[in-house]
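Just below is one structure, and these are the notes that go with it.
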Amino acid sequence: FPSHDNSSSSWRLTQTLDEMRSRFSHAYQHRLIGVTPSIDGPNFMSREREILAWLEGHRSEEERDRWIAIDDQPAWFSPFNDRLHITDRHVGLDENSADGLRRKLHRILLESEPPVCTRSAFAYCSN
């Protein structure tokens, strides 16, 4: 599933982009293209606002709807946000969660029904 991934993880506050890339497999590292800005501390809808700010500065208006967030902190997003894929903070993105994410990616990004990113990250996906 072609994507360009951006980190909104709190890692971005203490590590450079290259340091964050080093945490991932070599095959994935080139897909991590940036980090979201830090807006206020972690609070209600802060991560969603950070993602939207990044999209505003880096993508055309027509491309701004092509994103999905994977996070274990639903309070950092607006309620019932269909762009959010919630993971269990103790498990992360496991096989069961990945299946749900694949379906959501197809529905949101391809506008059809039935592949990935990391916890606390969002993906800007392209065809």
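For residues that are within 13 Å of the chain's Cα centre (by Cα) and in a loop (DSSP other than H, G, I, E, B), scanning just region 84-100, find the one that is surrounded by the most Cβ atoms within 10 Å (Cβ to Cβ). Once the filter is applied, the top-ranked residue is Thr87.
Scan region 104-121 and give yes if some residue there is exposed (fewer than 15 other Cβ atoms within 10 Å of the Cβ), modelled with pLDDT under 80, in contact with a Phe, Trp or Tyr (Cβ under 7 Å, 6 or more places away or on another chain) and part of a loop (DSSP other than H, G, I, E, B), otherwise no. Yes, the conditions are met somewhere in region 104-121.
Of the residues that make up region 36-48, is at least one over 16 Å from Leu84 (Cα atoms) and aromatic (Phe, Trp, Tyr)? Checking region 36-48: not a single residue is over 16 Å from Leu84 (Cα atoms) and aromatic (Phe, Trp, Tyr).
Asn81 meets the conditions (1) modelled with pLDDT under 85; (2) part of a loop (DSSP other than H, G, I, E, B); (3) in contact with a helix residue (DSSP H, G or I) (Cβ under 7 Å, 6 or more places away or on another chain) in every case but one. The failed one is (1).
Checking the stated criteria, Ala75 turns out not to satisfy the condition of being in a helix (DSSP H, G or I), farther than 20 Å from Arg12 by Cα, open to solvent by 20 Å² or more (accessible area, probe 1.4 Å) and of a type in the set (A, V, I, L, M). Scan region 1-27 and report the pairs whose first residue is closer than 24 Å to Asp99 by Cα and whose second residue is modelled with pLDDT of 75 or more and part of a loop (DSSP other than H, G, I, E, B), with Cβ atoms within less than 7 Å and a gap of 6+ or a chain change. Partner pairs satisfying both residue conditions: Ser3/Arg31; His4/Arg31; Asp5/Arg31; Asn6/Thr36; Ser8/Thr36.
Yes or no: Trp67 under 17 Å from Ser10 (Cβ atoms) and open to solvent by less than 80 Å² (accessible area, probe 1.4 Å)?
On the way: under 17 Å from Ser10 (Cβ atoms): no; open to solvent by less than 80 Å² (accessible area, probe 1.4 Å): yes.
No, not satisfied.
Does region 45-58 contain any residue that is surrounded by fewer than 18 Cβ atoms within 10 Å (Cβ to Cβ), within 13 Å of the chain's Cα centre (by Cα), at pLDDT below 85 and not polar (S, T, N, Q)? Among the residues of region 45-58, not one is surrounded by fewer than 18 Cβ atoms within 10 Å (Cβ to Cβ), within 13 Å of the chain's Cα centre (by Cα), at pLDDT below 85 and not polar (S, T, N, Q), which makes the answer no.
The values are calculated or read from the model by the stated rules, or taken from the named source; none is laboratory data. Because the structure is predicted, anything quoted here is derived from the model rather than measured. In this analysis, Cβ positions are derived from the backbone assuming ideal geometry, glycine residues included, and neighbour counts consider all displayed protein chains. To get the accessible areas, we keep the full protein, side chains included, count just its heavy atoms, and leave off ligands, DNA and RNA. Shrake-Rupley method; radii C 1.70, N 1.55, O 1.52, S 1.80 Å.
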